[in-house]
Amino acid sequence: MSIYNKIRIIFVISFLFVTAFFASTFYIEHSKQLQKLEKRYVRTSLFLLKQFRQNVHQKHQLDLSDETVKLYLQESNFQRIDDESRVERIQKHAKLMKKRKVLRAKLKILSTKKQRYLLLKHRRFELLLKDKTSIEPPYFLLLGYLSSLLFLIGLYFWLTRSLKPLKILHKQISEVAKGDLSVSFKSSKTDEIAQVSNAFDDALRKLESLIDSRQLFLRAIMHELKTPIGKGKILNAFLEDDKLIEGYDEVFTRLELLLNEFAKIEQMLSANYEVKLSSYNAQDLVEQALELMILDEVALEKNVTIVKKSPLVLTTDFTLFPLALKNLIDNAMKYSSDGKVEIVIDKAGITVLSKGVQFTDDIEHYYSPFHGKGKGLGLGLYIVHNALEMLKLKLNYSYQNTRNTFMLHS
């Protein structure tokens, strides 16, 4: 899960908690107001019912024209509604907020969008009073809720904006992974992301310098080696013995093949090699790999056995794959107890088998350059591993029947 998704989850949870807090606070406040309202309405109802009892003995009805009643209703902010049609309409459309019994009468609290009413029903009379007290929404709660939301939204955008350099850093690192070492990570800011960017830029510049030095060194060596080879070819042309000429020509050709192989390895390791994929017969790839080896035909026939169990077509690079296979075969011959290698082609892939002692360490250790665990420089499997990674192919190792087995497959 990305850090952006984690931030989103945190803010969604925070939003839910803030909403739940203000919703519960609003509910509690609304309940308190309703309790106060109910007490006020009950108090008014009790007063009117007591007045009715007093008047029953005298007039047998509730006299609302009484000055005491008028004064009480006025001070309590109530107004009687006399219009029967209006009374009926209000009772029909108003929302019932609360109802209860008071003495022998029924009390109902009715509400519309802008008004509240007290409905008092007795077996001898029915009275609807309009509450003139204004309804004030809890603006302080709404303001607090909106302020909290604005704070959370502002905090979210501030955090995501401060993490934006991470996306830029990721994009730049992807460019470096593709082989572009000229990307600059320098930042003028002082936060932690800028510190990482500047440290990475410093490391990249040092790495670029090392790679340039290595390439210059390798190219200088190859250039210096080509000069004596060229001179040797010229001098070879003046020899009179045809066998010597043929032998030297073969040696010089092999040396040129080696130099070309070093050049390809240098390009591959510096990420400058452009892979050109196409479909090739596995038999042709094996023969091309054997052609790169510095062995005469007699030695190849004696030490290398090719077993073709079934046809196999691989989508690969005709230059890079034989180079990897050549190094794998050369490595197998070097560590073979009898100097012989068997190459098996089947539907699963190309398998290279040789008799010998099993690898003492995990095979992953031998993929590192100059590991010092073998007879040579420790570059064989390193070259094979890097080449197959570029070709998106796999290399499996196993030890069966006293034989080291390497299998190349897609």
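The values are calculated or read from the model by the stated rules, or taken from the named source; none is laboratory data. Here the structure is a predicted model, which means the values were calculated and not measured. For neighbour counting, all protein chains shown are included, and Cβ atoms are generated from backbone atoms with ideal geometry for every residue, glycine included.
Identify all residues within region 91-118 that are among the hydrophobic types (A, V, I, L, M, F, W, C) and surrounded by 15 or more Cβ atoms within 10 Å (Cβ to Cβ); write none if there are none.
To start, the set of residues in region 91-118 that are among the hydrophobic types (A, V, I, L, M, F, W, C) comprises 94, 96-97, 102-103, 105, 107, 109-110, 118.
Once the filter is applied, which keeps residues that are among the hydrophobic types (A, V, I, L, M, F, W, C) and surrounded by 15 or more Cβ atoms within 10 Å (Cβ to Cβ), region 91-118 yields ALA94, MET97, VAL102, ALA105, LEU107, ILE109, LEU110, LEU118.
Within region 139-147, does at least one residue satisfy the condition of being exposed (fewer than 13 other Cβ atoms within 10 Å of the Cβ) and outside any helix (DSSP H, G or I)? Steps first, please.
To start, the set of residues in region 139-147 that are exposed (fewer than 13 other Cβ atoms within 10 Å of the Cβ) comprises 139-140, 142-143, 146-147.
Keeping just the survivors that are outside any helix (DSSP H, G or I) gives none.
Taking every residue of region 139-147 in turn, none turns out to be exposed (fewer than 13 other Cβ atoms within 10 Å of the Cβ) and outside any helix (DSSP H, G or I).
Residue pairs whose Cβ atoms lie under 8 Å apart, sitting 6 or more positions apart in sequence or on different chains, and linking a residue in region 168-195 that is farther than 23 Å from TYR273 by Cα to a partner that is among the aliphatic types (A, V, I, L, M) and in a loop (DSSP other than H, G, I, E, B), are ILE193/LEU163.
Can you tell which of SER197, SER162, SER209, SER148 is of a type outside the set (Val, Ile, Thr) and out of contact with any helix residue (DSSP H, G or I) (no Cβ under 9 Å at 6 or more places or on another chain)?
Numbers: SER197 fails: out of contact with any helix residue (DSSP H, G or I) (no Cβ under 9 Å at 6 or more places or on another chain); SER162 fails: out of contact with any helix residue (DSSP H, G or I) (no Cβ under 9 Å at 6 or more places or on another chain); SER148 fails: out of contact with any helix residue (DSSP H, G or I) (no Cβ under 9 Å at 6 or more places or on another chain).
So the residue among SER197, SER162, SER209, SER148 that is of a type outside the set (Val, Ile, Thr) and out of contact with any helix residue (DSSP H, G or I) (no Cβ under 9 Å at 6 or more places or on another chain) is SER209.
Counting the residues of region 4-32 that are more than 28 Å from the chain's Cα centre (by Cα) and either loosely packed, with under 13 Cβ neighbours inside 10 Å or not assigned by TED's automatic domain parsing to the domain that holds LYS108 (or both) gives 8. Whether any residue in region 64-72 is without any contact (Cβ under 8 Å) to a residue 24 or more places away in the chain, under 60 Å from the mean Cα position of the chain (by Cα) and loosely packed, with under 14 Cβ neighbours inside 10 Å is what I want to check. No: zero hits.
TYR156 meets all of the listed conditions (1) farther than 23 Å from GLN33 by Cβ; (2) out of contact with any helix residue (DSSP H, G or I) (no Cβ under 6 Å at 6 or more places or on another chain); (3) of a type in the set (Ser, Thr, Tyr) but one, namely (2).
Residue-wise test of (1) farther than 26 Å from ASN260 by Cα; (2) of a type in the set (A, V, I, L, M, F, W, C); (3) exposed (fewer than 15 other Cβ atoms within 10 Å of the Cβ).
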site: ASP296; (1), (2), (3): no, no, yes
site: LYS302; (1), (2), (3): yes, no, yes
site: VAL341; (1), (2), (3): no, yes, no
site: PHE359; (1), (2), (3): yes, yes, no
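Give region 231-257 a look and list any residue that's in contact with a helix residue (DSSP H, G or I) (Cβ under 9 Å, 6 or more places away or on another chain), under 27 Å from LEU320 (Cβ atoms) and not charged (D, E, K, R), or say none. Hits for region 231-257 are VAL251, PHE252, LEU255, LEU257.
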